[in-house]
Amino acid sequence: MKLPYVEPYKTKMVEPVYKSTEGQREKWITESGYNLFNLKAEQVTIDLLTDSGTGAMSDRQWAALMTGDESYAGASSYYNLKNVISEITGFSWFLPVHQGRAAENVLFSVLVKEGDLVPGNSHFDTTKGHIEFRKAVPVDCTVDIASDTTLNAPFKGNVDLEKLERVLKDNPSEKIACIIVTITNNTSGGQPVSMENIRSTGALAQKYGVKFFLDSARFAENAWFIKTREAGYADKDIREIVREMFSYCDGMTMSSKKDAIVNMGGFIGFRDEETFRRASAFNIIYEGFITYGGMSGRDMNALAQGLYEGTEYEFLSSRIGQVARLGSLMKEYGIPVLQPFGGHAIFIDAQKFLPHIPLEEFPAQTLAVEIYIEGGIRSSEIGTLMADRDPVTRQNRYTGRELVRLAIPRRVYSDNHMDYVAAAVKNVFDRKDSVRHGFRIIHEAPILRHFTIGLERIV
Ligand SMILES: *Cc1c(COP(=O)(O)O)cnc(C)c1O
């Protein structure tokens, strides 16, 4: 008999899972303005809002905290992290920052000016926010198949190279701030980008003389998909693949809260000293001195250890395997889930799930609220609320994407927790016709509105 996979870790410390009744949850979600971000953690049973900063650190990481060096400048923890980043990514210049969006803020302060274009695959919401805040324009050059939620293709996160080349050809290179490719492509459903696609994007960037950065929050998961799906990589080590991915670009932004399995932190990696120097000035203004940039010494130490653990094949297999297990269960129940399954999350197609709810009533948000009421499961809307309004026309942007994301924290929940999640979603699926209406907006912020939006039920 083939032995089943087992998690390459065991539990040393536990925390409670909060139970509640459906009646309590109805009350809490109403008080929250039907915004899942407004719920208290104790009002949530299984929290799949995000896999960002919600992972469980290892005993080695907790031990690394104890040896953190809190010197203001030149801390040993900084040099420890610098060495690990250089070993794993190949970038010898780096700036620590407090999280991924801070990396974007510092880097874009150097690269992005009003009127610029920033082509790439679907930009992450904070990336889009930082670009639009500077009155520049993110240009989505993702392959068209990404929007087909049932097509089973290995690299649906890829850049459409023809679309990208058209942008580069039709515009002077001074107008292209940089190319940003997100690995894995979160917005299109945690779908990976192939090595071939990263290589070709790098070649186009060189041809047109523009900089190319990888938004790398889930770079290790992307490497795992390359190893398991792309010809020629099956026998390569994850870290070898990671080094090759980064060899084609000029730098990276990193939210360490994802694949580096820490609760807070980030960094920017640079190939050239010149961009590093220019970014350093902004790092000092926004984040802190260049050898800590918003992170404690102990946190830099834990991050360095997390970069090793996050790039282990065994760990990645068990993590991505757990996500796929949840996806398979839901598929078995007939629930319309995006395929192939993403690395960090399962995405439900809300338009297929609730076809009778019009886009103007936000079907993905409607479904997310129902899943919460059913099982106390907190998910997130990746749809019209998150897509924001068009910055010029101020109309809602209907992108065709109406997804509910169930993001799985790293090393936190058991497979049994996943069974509970699948069962709750199935119960909502069985009673979907009783969900008659969605929501209308009562207040919203001008940018990144989904975090703070207030809604009311349409009756
Ligand atoms: C999470 C994330 C970010 C932003 O990082 P924060 O640490 O949340 O600020 C940027 N890009 C991608 C792809 C991400 O997943």
* Only one of (1) within 21 Å of the chain's Cα centre (by Cα); (2) closer than 30 Å to His417 by Cβ is not met by Tyr34, so which one is it? -> (1)
* For the subset of the range 173-216 comprising residues that are of a type in the set (Ser, Thr, Tyr) and within 14 Å of the ligand (Cβ to nearest atom), which member is surrounded by the fewest Cβ atoms within 10 Å (Cβ to Cβ)? -> Thr187
* Structure fact -> Residues in the range 428-459 that are surrounded by 14 or more Cβ atoms within 10 Å (Cβ to Cβ) and farther than 23 Å from Ala217 by Cβ total 13
* Give just the number: which of (1) part of a helix (DSSP H, G or I); (2) within 13 Å of the ligand (Cβ to nearest atom) does Pro96 not satisfy? => (1)
* Go over the candidates Asp415, Asp388 one by one and state the one that is surrounded by fewer than 23 Cβ atoms within 10 Å (Cβ to Cβ) and out of contact with any strand residue (DSSP E or B) (no Cβ under 9 Å at 6 or more places or on another chain). => Asp415
* **All positions within the range 78-93 that are outside any helix (DSSP H, G or I) and crowded, with 20+ Cβ neighbours inside 10 Å** => Phe91, Trp93
* Would you check if Glu162 is out of contact with any strand residue (DSSP E or B) (no Cβ under 7 Å at 6 or more places or on another chain), under 24 Å from Ala231 (Cβ atoms), among the acidic types (Asp, Glu) and at pLDDT 95 or above? => yes
* Tell me the strands (runs of 3 or more DSSP E) entirely within the range 384-459 that contain at least 3 residues that are in the same structural domain as Pro355 (by TED's automatic domain parsing), within 19 Å of Ser52 (Cβ to Cβ) and among the hydrophobic types (A, V, I, L, M, F, W, C). => 403-407
* Name, by its number, the condition in (1) in the same structural domain as Asn186 (by TED's automatic domain parsing); (2) in a helix (DSSP H, G or I) that does not hold for Ala364. => (1)
* To do: Would you point out which residue out of Met245, Met264 is surrounded by 24 or more Cβ atoms within 10 Å (Cβ to Cβ) and either among the polar types (S, T, N, Q) or under 22 Å from the mean Cα position of the chain (by Cα) (or both)?
  => Met245
* Structure fact -> Among (1) outside any helix (DSSP H, G or I); (2) more than 24 Å from Val404 (Cα to Cα); (3) within 14 Å of the ligand (Cβ to nearest atom), Gly157 falls short only on (2)
* Asked: Here are some conditions: (1) over 17 Å from Phe362 (Cα atoms); (2) touching a residue at least 40 places away in the same chain (Cβ under 8 Å). Val392 meets all but one. Which one does it not meet?
  -> (2)
* How many of the residues in the range 135-154 are within 16 Å of the ligand (Cβ to nearest atom) and in a helix (DSSP H, G or I)? -> 1
* Structure fact -> Of those in the range 99-116 that are farther than 17 Å from Ser296 by Cα and of a type in the set (Gly, Ala, Ser), the residue farthest from the ligand (Cβ to nearest atom) is Gly115
* Asked: Regarding Ser58, is this residue modelled with pLDDT of 95 or more, under 20 Å from Leu455 (Cα atoms) and of a type in the set (Gly, Ala, Ser)?
  -> no
* To do: Kindly establish whether Glu26 is part of a helix (DSSP H, G or I), modelled with pLDDT of 95 or more and among the acidic types (Asp, Glu).
  => yes
* Asked: Cβ-Cβ below 7 Å, separation at least six or inter-chain, first residue in the range 66-82 and farther than 15 Å from Leu303 by Cα, second of a type in the set (A, V, I, L, M) and part of a helix (DSSP H, G or I): which pairs?
  -> none
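The values are calculated or read from the model by the stated rules, or taken from the named source; none is laboratory data. All values reported here derive from a predicted model rather than from experimental measurement. Ideal geometry is used to build each Cβ from the backbone, glycine not excepted, and the neighbour counts take in all protein chains shown.
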